[in-house]
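Since the structure comes first, as structure tokens, the remarks are kept for the end.
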Amino acid sequence: MASSVVENGYYRIRQAGAKSEIAVAISNGKKCHYVQIGSDQTPFSTLDEALEFVEGKGLEADRMSMDYGVKKKAPEAPEASGETEEAVEETEDATEE
């Protein structure tokens, strides 16, 4: 089974079952997730690794991607809460004066 080429500006994350043609070709016959950009396929052990690989590349998931339509995670809370604490401290200082 030959996979189709992914259009420019898009990527596709899929899962290949053990011993499938794709798994044999890219991961020595081991079950894996893989990212396809154009016709290039890159294997990963987990879906999270595949998602990290495409992050920041300026690409969108195509309709056949495992993460198509999934909203991206918001920035982590620790950074945002640190900024909020500083704003609260500044407000408290201004109130005391």
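The values are calculated or read from the model by the stated rules, or taken from the named source; none is laboratory data. Please read these numbers as outputs of a predicted model, since none were measured by experiment. Don't worry about glycine lacking a Cβ; one is built from the backbone with ideal geometry, like all the others, and counts go over all protein chains shown. Each accessible area value is taken on the protein alone, full model and side chains, heavy atoms only, with ligands, DNA and RNA left out. Shrake-Rupley method; radii C 1.70, N 1.55, O 1.52, S 1.80 Å.
Structure notes:
- Packing rank of 42-49, 53-60, where each peptide gets the mean count of other beta carbons within 10 Å, highest leading: 42-49, 53-60
- Taken along the Cα-to-beta-carbon direction at a fixed 7 Å, the label points for residue 4 and residue 48 span 3.2 nm.
- Solvent-accessible area per residue, Å², over segment 20-61 with all protein chains present [probe radius 1.4 Å]: 61
- Accessible carbon and sulfur surface of segment 7-69 relative to its total accessible area, %, 1.4 Å: 45
- Stretched out straight at 0.36 nm per residue, the stretch from residue 18 to residue 71 would grow longer than its current Cα-Cα span by 16.2 nm.
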